[in-house]
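Read the structure below first, then the notes.
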Amino acid sequence: MENMKTEIQSRSSGVLDRPLLLAIFALLGIGLLMIASAGVAYGKVRFGDEYFFLKQQCFGLAVGIISLFIVSRLDYHLFRKFVVPLFFLAVALLVMVFIPGVGTTVYGAARWIELGPLSFQPSEVMKLAIILYLAAWLSGKQQVKNNADFFEGYVPFVAILSLVGFLIIKQPDTGTLGLIFCIALTIFFVSGARLSYIFFTILGGIATLALLIRLAPYRMERFLVFLNPDHDPLGSGYQLNQALMALGSGGWFGVGLGQGRQKFNYLPEPVTDSIFAVLGEEVGFIGVAVVVMLFLFVAWRGLRIAQRAPDMFGRLVAVGIISWIFIQAMINTMAISGIIPLTGIPLPFISYGGTSLAVLLTAIGILLNISKQARLEA
């Protein structure tokens, strides 16, 4: 009776993590400002509307905020009941991108589904679906004992990851594959998997990446550009060189919001993959540092929520969501800075993309609900 009373008290006495929510809204505000600035020339050329991207992003933002506040009021344990159908729905959506008339191919990549005037990326849905699925599976009472077992824990984990990885690499989308690999491995590690399994999975991931680079000429070109930014400066090295030029010209304080030059049809994809370069040019190192610090703050608050989660399911979900946000942010910023090869991964909450924004904010809603049920002491 006393244990039940303590559990009820711990669930009802928690409060929503307001500092985390404020940091997220700060990133969203920066994102809208940068899309308004970076999308002016790009929107004019492609759609005849300077604020096309800003308008579309505001729609995705509205959907995402509504979802965030609804989900934050739902007990996150409710999602555990639907993880299997949600996961297989995400798998089905990944398959549908290859169906003519349903999936849409852009720049040789089949990553979008069009439903009338709406289009979305199933891979964004899969990021959240696989987090919830792995968290529910690995936190099961019997499975917790099996996570360190080869056949009961490791083999099924690799099978799940291989299924998702195969569908994503067929699109192809190497960056998203690497991101999901990192998220899943982080959840698996926190669930109690053996370090040897983590080590061999990382080796397998590196070997797979090397094979993918070897098999696709464009991936090999990106890798060569990473090794030598001067390689093919007007071809495969063009985006990185323009991004580095934008970052370098920003200096400490930037050239001024809206005053950047690289976004005027010099820098490819200025509102998506390359928006960090526009940010660096217009607000400089100080502005970039503020954005990086916001992501670090979000990561800290998320890990704090994970530490205080009332159960293993909540802990694994929180770890998965926060690793998704932080790793994706680091991949984008490091790629645009030339620290790792270009991947095409957008910057969370800042880059243009309605699907990404709506799903990310839904995930934040789940994280906030976990924070409301957090233990008083950790």
**Complete:** By residue number, the members of the range 224-256 that are of a type in the set (A, V, I, L, M, F, W, C), closer than 21 Å to A36 by Cβ and within 26 Å of the chain's Cα centre (by Cα) are A243, A246, L247
**Prompt:** With respect to G254, is the statement that it is at pLDDT below 90, farther than 28 Å from I113 by Cβ, small (G, A, S) and outside any helix (DSSP H, G or I) true?
**Reply:** no
**Fill in**
Cβ pairs under 8 Å, 6+ apart or interchain, first in the range 184-210 and in contact (Cβ under 8 Å) with a residue 24 or more places away in the chain and within 18 Å of A135 (Cα to Cα), second assigned to a helix (DSSP H, G or I) and among the hydroxyl-bearing types (S, T, Y), ordered by first then second residue, are T186/S323; I187/S323; F188/Y197; F188/T201; A193/Y154; R194/Y154; Y197/Y154
**Request:** Considering each of A41, A36 in turn, give the residue that is modelled with pLDDT under 95 and over 22 Å from the mean Cα position of the chain (by Cα).
**Result:** A41
**Item:** Flag if S351 is buried (at least 21 other Cβ atoms within 10 Å of the Cβ), within 25 Å of T174 (Cα to Cα) and of a type in the set (S, T, Y)
**Value:** yes
**Fill in**
Just one listed residue, out of I325, I336, is of a type in the set (V, I, T) and at pLDDT below 95, and it is I336
**Request:** Check the range 335-347 and report whether any residue there is touching a residue at least 40 places away in the same chain (Cβ under 8 Å) and either of a type in the set (F, W, Y) or over 29 Å from A246 (Cα atoms) (or both).
**Result:** no
**Request:** Say whether the condition of being at pLDDT below 95 and small (G, A, S) is met by at least one residue in the range 55-62.
**Result:** yes
**Residue satisfying all of: in the range 262-299; more than 21 Å from the chain's Cα centre (by Cα) and assigned to a helix (DSSP H, G or I); surrounded by the fewest Cβ atoms within 10 Å (Cβ to Cβ) among these** = I286
**Message:** Restricting to the range 333-367, and then to whatever is in a loop (DSSP other than H, G, I, E, B), out of contact with any Asp or Glu (no Cβ under 9 Å at 6 or more places or on another chain) and among the aliphatic types (A, V, I, L, M), can you tell me which residue is farthest from P122 (Cα to Cα)?
**Reply:** I339
**Message:** Looking at the range 300-348 only, could you name the residues that are surrounded by 24 or more Cβ atoms within 10 Å (Cβ to Cβ), of a type outside the set (A, V, I, L, M) and over 16 Å from the mean Cα position of the chain (by Cα)?
**Reply:** G314
**Complete:** For the range 157-169 the number of residues that are within 16 Å of E124 (Cα to Cα) and either crowded, with 19+ Cβ neighbours inside 10 Å or at pLDDT below 90 (or both) is 5
**Fill in**
Inside the range 202-236, the number of residues satisfying the requirement of being in a loop (DSSP other than H, G, I, E, B) and out of contact with any Phe, Trp or Tyr (no Cβ under 9 Å at 6 or more places or on another chain) is 8
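The values are calculated or read from the model by the stated rules, or taken from the named source; none is laboratory data. Predicted model, so just to flag it, every value in this text is computed and none were measured. No Cβ is skipped: glycine too gets one built from the backbone with ideal geometry, and neighbour counts run over all protein chains shown.
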